[in-house]
2 protein chains.
Amino acid sequence: MTLGCPYGTHRVLEPKGVFPQPALRLNNDFSILYDNEILIEVEILNIDSASFTQIKHQADGDPAKIADILLKTVAQRGKQHNPVTGSGGMLVGKIKAIGSALQQRPIQVGDPIATLVSLSLTPLRIDDIIAVHKETEQVEIRGEAVLFESGIYAKLPSDLPQKLALAVLDVAGAPAQTAKIVKPGDTVVVIGGGGKSGLLCLHEACKRTGVTGKVIGLSHSAAGIERMKKSGLPVIPLQGDARDALWVLHQIERLTEGRLADLTINVVNIPQTELGSILATKNRGIVYFFSMATSFTAAALGAEGIGKDLTMLVGNGYTEGHAEIALEVLRENLHLRQLYERTYA
Amino acid sequence: MTLGCPYGTHRVLEPKGVFPQPALRLNNDFSILYDNEILIEVEILNIDSASFTQIKHQADGDPAKIADILLKTVAQRGKQHNPVTGSGGMLVGKIKAIGSALQQRPIQVGDPIATLVSLSLTPLRIDDIIAVHKETEQVEIRGEAVLFESGIYAKLPSDLPQKLALAVLDVAGAPAQTAKIVKPGDTVVVIGGGGKSGLLCLHEACKRTGVTGKVIGLSHSAAGIERMKKSGLPVIPLQGDARDALWVLHQIERLTEGRLADLTINVVNIPQTELGSILATKNRGIVYFFSMATSFTAAALGAEGIGKDLTMLVGNGYTEGHAEIALEVLRENLHLRQLYERTYA
């Protein structure tokens, strides 16, 4: 057997010399495995929310057409890397083989795991699509995938149902980063607070800012507002359109006596919410863009355009301990766990 | 007269309700001025580097075609907002009129100023294009523009030539942010270090990290390497292709005894350098993306894809004191001033 590149460049077919994520096509022939690869028998694909929204729209909401689009993408690219949004998602499966160079890892063939790297860089072969679950953005398949040596993953916890854990792990980066950034007494705005990632962020924001802080959750839909109210968290719910930047500014001014937010976390899966996020935040504050629909230039030029001196962060889906932090939210907050089970799992 | 929105939404024609930057079309009829607007007689457009590179490519390098593209964009959009790159640039001119609500400002009609907000949100009318300077990415025109109440600007300093000051102010954000982030002893990598913005960043990086630090400048071209060498700064020059992420990793490992960079600043105006920037940086380090060619998803998924826990920042063109910091570089470093005068002004 042979040792592949830790970052998986040995699986890149086109263009040569790039990494698996920006690559146009990966080699998904798993009849030859490298010594530092893990082969996974895939059970569920958890499509990234921006990607699933785009695919659902393109398919006019038809599950069969959604399946066709997924099959076509994977056949063409050797990975579920949405060519429109550029994003992926993650998967759950059972370990089928562990390369000889990774035998010291605390995992065994048969272990249920979730990959915590994006599907946009994970070699994948789909043999069959069993079911498309539009409400959870999860797709049951038969197929195989490979995890590279640098690829992060989590063994699925035994005290939480698999689909539930997967839904949480998919968005684990945002609540973990929230936990690390929010300081006691901070005013925090979560744009997209009623969504899958937003609810976990709201939990961490409330917990870390504490009784001297203020947490505002913005959601476009009545359902999102309802979920925030049912979360058991001391969140101020705000319903409206985050793309209407002036409206966002006026509402956050009203709710903070003109002081604005110390930290704004954007986890909403629609474009053109950059300026609203910037306007919601005070000078020298922080905006954390976690939405894959974020436009780099809209953010950069938006802040400059209104002469606002703030720190803007690109959401990193990985931070140390992110899986543990995110899964723990569901153990700490029974209301959220119930909401999650009803809505996303 | 009437008061416009401080952010200039009163000039947005299409689509209604958005801010001037994301707008498709602005009202550039300056026969009616609002009370909180400043009218400028424009002399020079300093096109954003990513935008100029794209336009030059589209025009096959022909100055007349470049002029046509600029005229067409401004006729269609009422602003020099490159529809491909999404970026703008800045302008220099003389103040022609000051709205009654801004009379307390320390400026007078006739003052030479540079706008420090992007052209992508500045209402502009071009009457004539006098000359296209490909080497400096500056375009001499006759025309008018309007600055909104929130729009930042700088009076041009009397001890520096106008074109020189403009070239510096155009990229003032990056060196000022560098000055604020670099700590003594840091290892700093500047990707695009031989360029207009990169040279100023190198100066600030060397100054702030001091004798216990290390500063590496990466440039694709021999000319860029030559400029770094002539800058008089204790920079380690590195020539190569920043899109080749693995090559970047191996070189930065070699130059830092495997420790990698505490801070990587990306100011190179070409796409697909996100992963190289991430790989050059140590775990828990910082990557500062200043290039308008940065892809948000490539950065976000790139870090996650290799399981790297680092802070990624969206370059904010504005930070307090940025014009003063950047202009001061040319007073502190005579070598850089001479280089700048020869190359960019």
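The values are calculated or read from the model by the stated rules, or taken from the named source; none is laboratory data. Here the structure is a predicted model, which is why all the values come from computation and not from measurement. All Cβ positions, even for glycine, are placed from backbone atoms using ideal geometry, and neighbour counts span all protein chains on display. Just the protein is used for accessible areas: all its heavy atoms, side chains included, with ligands, DNA and RNA removed. Shrake-Rupley method; radii C 1.70, N 1.55, O 1.52, S 1.80 Å.
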Taking placed amide H atoms and a strict 5 Å upper bound, the residues 5 or more places from A:R25 or on another chain that come that close are A:L13, A:E14
Percent of all Cα-Cα pairs per 10 Å bin for chain A, counting from 0 up to the last occupied bin, reads 6, 26, 32, 23, 11, 2, 0
Stretched fully, the stretch from A:W247 through A:N283 gains (0.36 nm per residue minus C-alpha distance, one decimal, in nm) 11.1 nm
Computed over chain A, the relative contact order (Cα-Cα under 8 Å, seq sep at least six) in percent reads 15
Extend 7 Å from the Cα of A:H133 along its Cα-to-C-beta direction; within the range A:320-345, residues with backbone N under 16 Å of that point are A:337-345
Under 5 Å from the placed amide H of A:G317, counting only residues 5+ away or on other chains, we find B:E304
Heavy-atom accessible area per residue of the range B:9-156, all protein chains kept, 1.4 Å probe, expressed in Å², is 39
Log10 I(q)/I(0) at q = 0.10, 0.20 Å⁻¹ for the range A:2-161, from Debye over equal alpha-carbon scatterers, is -0.33, -1.28
Exposed GluC sites (Glu not before Pro) being those in a DSSP loop with at most 16 other Cβ atoms within 10 Å, the longest stretch of chain A free of them is A:1-134
Under Stokes-Einstein, the range B:173-344 at 20 °C and 1.002 mPa s, with its Kirkwood radius over C-alpha pairs, diffuses with a coefficient in µm²/s of 138
Among A:G217, A:L166, A:Y153, the residue whose Cα sits farthest towards the positive end of the charge dipole of chain A, when +1 is placed on the Cβ of each Lys and Arg and -1 on the Cβ of each Asp and Glu, is A:G217
For chain B, the longest principal axis of the Cα atoms and the Cα long axis of helix B:296-305 enclose an angle in degrees, to the nearest 10, of 20
Sequence order, the range B:173-186: Karplus ³J(HN,Hα) from phi using 6.51 cos²θ - 1.76 cosθ + 1.60, θ = phi - 60°, Hz rounded, Gly and Pro as x, gives x, 5, x, 5, 5, 4, 4, 7, 9, 5, 10, x, x, 5
Quick calc, the protein assembly as shown, dipole around Cα centre from Cβ unit charges on Lys, Arg (+) and Asp, Glu (-), nearest 20 debye, gives 600
Nearest-0.05 FRET efficiency for A:R331 and A:E226 at R0 = 30 Å, using Cβ-Cβ distance, is 0.85
Length-normalised contact order of the range A:173-344, Cα under 8 Å, at least 6 apart, in percent, tallies to 24
Expressed in angstrom and rounded, the centroid-to-centroid distance over alpha carbons for the range A:19-67 and the range B:1-60 is 42
For the protein assembly as shown, the Debye formula with one identical point scatterer on each Cα and no solvent gives log10 I(q)/I(0) at q = 0.09 Å⁻¹ as -0.79
Checked against a 30 Å limit on the C-alpha separation, the offending pairs among B:K79/B:K134; B:K163/B:K183; A:K16/A:K96 are B:K163/B:K183
On the accessible surface of the protein assembly as shown, probed at 1.4 Å with all protein chains in place, carbon and sulfur together account for a percent value of 52
Karplus-derived 3J(HN,Hα) from phi for the range A:47-63 (6.51 cos²θ - 1.76 cosθ + 1.60, θ = phi - 60°), whole Hz, x at Gly and Pro, runs 6, 3, 4, 4, 5, 5, 4, 5, 5, 4, 5, 4, 8, 6, x, 7, x
Computed about the Cα centre, the charge dipole of chain A from +1 Lys/Arg and -1 Asp/Glu charges at the Cβ has a magnitude in debye, to the nearest 20, of 480
With the charge dipole of the protein assembly as shown built from beta-carbon charges (+1 for Lys and Arg, -1 for Asp and Glu) about the Cα centre, the Cα from B:L233, A:H57, B:V42 projecting farthest to the positive end belongs to B:L233
In whole Hz, the Karplus estimates of ³J(HN,Hα) for the range A:258-271 (6.51, -1.76, 1.60; θ = phi - 60°; x where Gly or Pro) are x, 7, 6, 8, 6, 9, 10, 10, 9, 10, 8, 8, 10, x
When the charge dipole of the protein assembly as shown is computed with +1 at the Cβ of Lys and Arg and -1 at the Cβ of Asp and Glu, the Cα pointing farthest to the positive end, of A:S87, A:M312, B:M292, is that of A:M312
Taking placed amide H atoms and a strict 5 Å upper bound, the residues 5 or more places from B:A261 or on another chain that come that close are B:T281, B:K282
The size of the Cβ-based charge dipole (Lys, Arg +1; Asp, Glu -1) of the range A:173-344 about the Cα centre, to the nearest 20 debye, is 360
1/(1 + (r/R0)^6) with r = Cβ-Cβ of A:D68 and A:E341, R0 = 25 Å, i.e. FRET efficiency to nearest 0.05, evaluates to 0.25
